[in-house]
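Values in this text are rule-based calculations from the coordinates and carry no lab data. It should be emphasised that the depicted structure is a prediction, and the values quoted were computed from it without experimental measurement. Note: ideal-geometry Cβ built from the backbone for every residue, glycine included; neighbour counts use all protein chains shown.
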């Protein structure tokens, strides 16, 4: 695994967590959706209850997965923080933290630090080279 891949792990897990949260929102909407049908036919409540139970089970499973992913994200962020601390330059540390822990875009990183994007890239390259030497 390259240094950049290591640093990007947290972002990927964060994306998975957000995706699962969106799925839960969708399942909640499905579970609470109330539609009425006007008909003379009797309603099969057992089937409806079974479908509702299936949706609830999926929600619970997703919430369990999210909790595991959050635990993993916290551990990976700890590892990333300790790796970033190996860079002695506080300016480079801040750049790496903004990018890999706060998940800022390069435009946001450059703006927050008062740099051009090209300068942010150069500082990033310098920080990555330092990390490769330290490892």
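Below is a table of values for the structure above.
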item: Nearest 10 degrees, 0 to 90: helix 117-134 Cα axis against the chain principal axis; result: 80 degrees
item: Degrees separating the helix 90-100 axis from the principal Cα axis of the chain, which is the longest one; result: 20 degrees
item: Coarse-grained scattering of the range 85-135 at q = 0.32 Å⁻¹, given as base-10 log I(q)/I(0) from a Debye sum over alpha-carbon atoms; result: -1.30
item: Likely footprinting exposure, 103, 6, fewest C-beta neighbours within 10 Å first; result: 103, 6
item: Tilt relative to the chain, helix 3-32 - C-alpha long axis, 0 to 90 degrees, to 10; result: 20 degrees
item: P(r) tail fraction, the range 54-109 - alpha-carbon pairs more than 14 Å apart, %; result: 65 percent
item: Projected label distance in nm at residue 78 and residue 65, using a 7 Å step from Cα toward the beta-carbon; result: 2.5 nm
item: Order of 113, 1 under a 10 Å beta carbon neighbour criterion, fewest first; result: 1, 113
item: Spin-label model distance (nm) - residue 119 vs residue 133, 7 Å beyond Cα toward Cβ; result: 2.3 nm
item: Cα-based Kirkwood hydrodynamic radius, the chain, one decimal, Å; result: 18.1 Å
